[in-house]
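Inspection log for the structure reproduced underneath, given as structure tokens.
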Amino acid sequence: ICTLCWDKLYSPVDTMYQFHAIKDMTLARLKNSAAVVGLVDSLLDFADKCIHLKVCSASGIPVPVLEISAYIQHHFDQPVRIDDIAHALHMNSSYLSRTYKNCTGHSIIHALNYYRIEHAKVLLETGKYKITEIASMVGIEEPAYFTTVFTKYTGCSPSSYKVFDIKE
């Protein structure tokens, strides 16, 4: 059944790895389903994931890159490691890092920090928060490290950015 669903949807080479992982997980769920409702839920979940793979592959962006970007957007305010992302996506961390770098030209950590700093700039512009609060709000617990990362990505310190924004 799973293979028939996939054949109807489309099977580009770059998503075959994800398809087989999804298929294996779905087959395991099907074997463990005692009720018809469980079988139907498993098959619907499988179909949704296959459609997601089809949509992502149509954009030309590898599925893991899209999933990493979504993970960053949802978890940037927490401590994040590449191993955390790999575990959440059920993929190898080296594969994820290599795929992301090849597609975007940047590392996953660069993307995470860039997203954090863009969000921090918005928070600084509101003038409502202390720099230490903003650091914590974007997932960086050490204010000194936050300042280092902020300066690297913007060319100025958070306090300078805040003062510059107020003067404008």
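The values are calculated or read from the model by the stated rules, or taken from the named source; none is laboratory data. Note that the structure is a prediction, hence the values are computed from the model and not measured. Glycine gets a Cβ as well: all are built from the backbone with ideal geometry, and neighbour counts include every protein chain shown. Only protein heavy atoms, including side chains, enter the accessible area calculation; ligands, DNA and RNA are left aside. Shrake-Rupley method; radii C 1.70, N 1.55, O 1.52, S 1.80 Å.
Here is how the numbers come out for the structure above:
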quantity	calculated
In segment 137-148, the residues that are touching a residue at least 60 places away in the same chain (Cβ under 8 Å) and assigned to a helix (DSSP H, G or I)	M137
Listing of helices (runs of 4 or more DSSP H) fully contained in segment 40-106 that carry 2 or more residues being surrounded by 19 or more Cβ atoms within 10 Å (Cβ to Cβ) and modelled with pLDDT under 85	63-75
First in segment 117-136 and within 12 Å of Y161 (Cα to Cα), second anywhere and open to solvent by 70 Å² or more (accessible area, probe 1.4 Å) and modelled with pLDDT of 90 or more, Cβ under 6 Å, 6 or more apart	L123/Y129
Selection within segment 131-141 - closer than 20 Å to A111 by Cβ and either modelled with pLDDT of 95 or more or buried (at least 16 other Cβ atoms within 10 Å of the Cβ) (or both)	I134, A135, M137, V138, G139, I140
Flag if T151 is without any contact (Cβ under 8 Å) to a residue 12 or more places away in the chain, surrounded by 15 or more Cβ atoms within 10 Å (Cβ to Cβ) and either in a helix (DSSP H, G or I) or not charged (D, E, K, R) (or both)	yes
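A quick yes/no check of all residues on (1) hydrophobic (A, V, I, L, M, F, W, C); (2) over 24 Å from E142 (Cα atoms); (3) within 13 Å of the chain's Cα centre (by Cα):
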position	(1), (2), (3)
P62	no, yes, yes
V65	yes, yes, yes
S69	no, no, yes
Q73	no, no, yes
D77	no, no, yes
V80	yes, no, yes
D84	no, no, yes
A88	yes, yes, yes
K101	no, yes, no
